[in-house]
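Following: one structure in structure tokens, then a few remarks.
The values are calculated or read from the model by the stated rules, or taken from the named source; none is laboratory data. All values derive from a computational prediction rather than experimental measurement. Virtual Cβ from ideal backbone geometry, glycine too; neighbours counted across all protein chains shown. Only protein heavy atoms, including side chains, enter the accessible area calculation; ligands, DNA and RNA are left aside. Shrake-Rupley method; radii C 1.70, N 1.55, O 1.52, S 1.80 Å.
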Amino acid sequence: MVPMYVEEKALKDFLVGNGLVTRSQLADVMQSGQGEALYDALVKRGIIAEDELRRAVAHASGVEFVQLEPEQISFETLSIIPEPLARAHNIVAYAREGNRVEVAMLDLDAFDKISYLRRDYGLVPVPRLTTAESLRKTLRTYQKYLKEKFASLLAQSEQTLNALLAHALLSNAHGVHLDLRETGLLVRYRIEGLMHEAMLLPKEAGHIFERIKNLAKMSLTLHVPQEGSFSTELFGGETAHVRVHSAPTASGESMLLNLRRVYQTRKGFALESLGFHGASLDAVHTLLTKRSGLILIAGRENAGKTTLGYTMLDELGRRAVSIATVETEIEHRLPHVLQTEIRPDLGITSAAALRAVLRHDPDIIFVGSIADDDTALLCVQAASRGVLVIGCIESPSAVAALERMRAWVPSKLFASTLQGIVAIDIVKRLCPHEKEEYRLSRAEGAPLEPLANFGRVLAALKEEGIVEKDMQWKEVLFARAHPCPECEGGYRGLVGLQSVCMTSRALADSIYRDAPGYDLLAQAREEGMLTLEEDGLFKAAAGITSVEELVRASQAGTTGE
């Protein structure tokens with residue numbers, strides 16, 4: 001396909017003006033073209049070679065035409081565009097200076113395929129056109145680099161999985177599909193929402209299924225669909241978190257690995273930067289893999305519900321999906337998202353806006369405020385029809401949000417659509433410069449004892465490596481706010497508290513039966529949910545906030561089940 005980013009008139013003038021095509025040839029092509037694009041018609045009739053036409057398009061559109069020299073392009077530069085994406089769209093990165101990246105392609109339409117470089121990585125791609133042969137040689141060089149880097153590792157059974165995950169992350173894949181077939185292990189990557197075939201490994205490589213199951217604590221003998229997760233350190237010290245979904249197939253087994261880099265620091269609003277960690281982080285990522293159903297975000301006013309909602313939409317926006325929002329006030333403009341603002345003064349209520357948005361057939365809807373039975377019912381009905389609905393509800397806890405929704409919608413319908421509830425709150429963050437460490441006395445911890453299970457908090461601290469495995473609760477060090485020139489009162493900024501309640505079959509049954517709130521809380525905690533107070537104690541032991549701040553928030557009624 002020849003570039004399309006230039007007007008035909010400009011191209012005609014350039015071709016004729018430079019003697020590449022005569023006016024009579026153009027007239028013949030236009031007369032017999034039968035609606036065919038000028039670019040394709042000229043090449044098909046042999047009037048001009050494809051590369052010459054690209055060169056002409058480059059001049060006519062003001063885009064530089066380059067001849068690539070693959071041996072002079074570094075692997076790091078080529079890796080800016082994942083190899084499966086480069087191969088699929090005939091586009092490669094060949095030069096970089098600062099955040100400016102020059103990319104060569106055969107068709108300027110391919111430039112849209114790398115828009116994520118600017119959006120997600122702050123890079124500024126600059127388009128160039130090149131010849132088909134030089135691009136083919138560059139892609140072969142790219143594949144050679146990859147083969148040299150990963151082939152030997154893939155051949156070693158103990159290194160196969162790490163090599164595969166490293167290659168997938170290098171390709172900017174957020175999903176790896178493994179299908180064990182008679183012909184071998186087919187590996188496909190999902191990049192920017194689209195599936196790309198990555199490689200076909202020998203059938204013997206199927207041994208990684210067993211390693212994955214061991215790491216994800218899944219059964220090796222049960223031939224049923226299973227889920228699990230694990231984190232692993234890759235080459236170069238990078239860490240990946242992997243969510244595993246396996247299913248038996250007619251030819252063997254299939255696995256989906258949802259990948260996420262684990263960053264030590266993150267810029268902007270990411271789930272980690274909001275305070276999610278460990279099991280709560282895993283749970284939210286699991287919720288974001290759902291294709292339909294209702295996800296509730298519960299919290300008091302100004303607890304950060306909208307910020308969390310936008311962060312989740314940012315994660316979901318990497319799929320090829322249609323997203324719409326209904327918001328009380330649009331706080332941020334989201335690219336490629338249909339955003340609707342509620343205007344009661346004009347008769348545009350939350351329910352009216354939601355009805356209007358649903359007519360656009362979105363895949364995902366974010367509702368900024370579920371505050372009445374009409375809106376709640378519409379959300380649940382949309383979720384039951386295959387839409388993924390993320391709705392914010394003002395409520396101090398996950399269980400309180402459950403009870404509020406049950407008062408608005410039929411329990412049977414609500415129980416069948418609810419995927420989970422993310423309860424959030426915010427507390428002050430300790431200044432990192434000055435901290436006074438101490439061991440928590442019984443008297444100091446007493447106000448939180450009725451609200452939190454200290455043993456569960458200790459287990460979570462051990463699980464995430466915050467404290468040693470043999471440490472007892474009385475040995476855990478906490479931090480007190482200590483004023484310094486860098487802060488006021490020993491605190492600097494805010495941090496979120498999170499409690500994620502996943503809807504299990506048992507919890508859905510309890511909702512269906514209209515079980516009382518304390519039974520729902522007991523069920524959720526039995527299944528592993530940390531309360532907001534327990535997450536707060538975790539963060540206090542990690543030196544992020546203080547016990548005094550948790551007690552203050554609890555007494556002010558800003559947390560609590």
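Points worth noting:
- Residue (of G445, P485, G517) at the positive-pole extreme of region 423-561, dipole from beta-carbon charges: P485
- Relative contact order %, region 319-397, counting alpha carbon pairs below 8 Å whose residues are six or more apart: 30 percent
- Partner aspartates and glutamates for K217 [C-alpha distance under 19 Å; skip if fewer than 8 residues away on the same chain]: E158, E227, E233, E253, D282, E463, E464, E527
- Apportionment of accessible area to carbon and sulfur, region 429-561, percent (1.4 Å): 49 percent
- Listed cross-link partners K305/K474; K428/K469; K213/K290; K147/K203; K113/K144; K213/K462 are compared with a 25 Å cut-off, the Cα-Cα value being larger for K305/K474; K428/K469.
- The protection proxy used here, the mean number of other Cβ atoms lying within 10 Å of each residue, ranks peptides 62-69, 548-555 as follows, highest first: 548-555, 62-69.
- Note on H167: accessible area approximately 10 square angstrom, rounded to 10, probe 1.4 Å, nucleic acids and ligands left out.
- Proximal aspartates and glutamates relative to K435, as straight alpha-carbon distance under 17 Å, when same-chain residues fewer than 8 apart are discounted: E486, E488, E548, E549
- Cβ-derived FRET efficiency at R0 30 Å, K203 paired with E148, nearest 0.05: 0.80
- Using a Förster distance of 56 Å, the FRET efficiency for R513-R23 (Cβ separation, nearest 0.05): 0.10
- Alpha carbon centroid spacing (whole Å) that separates region 456-484 from region 492-556: 18 Å
- GluC sites (Glu not before Pro) within region 292-352: DSSP coil, no more than 15 neighbouring Cβ in 10 Å: E301, E329, E331
- Taking all protein chains as they are arranged and a probe of 1.4 Å, the heavy atoms of R404 leave approximately 80 Å² accessible to solvent.
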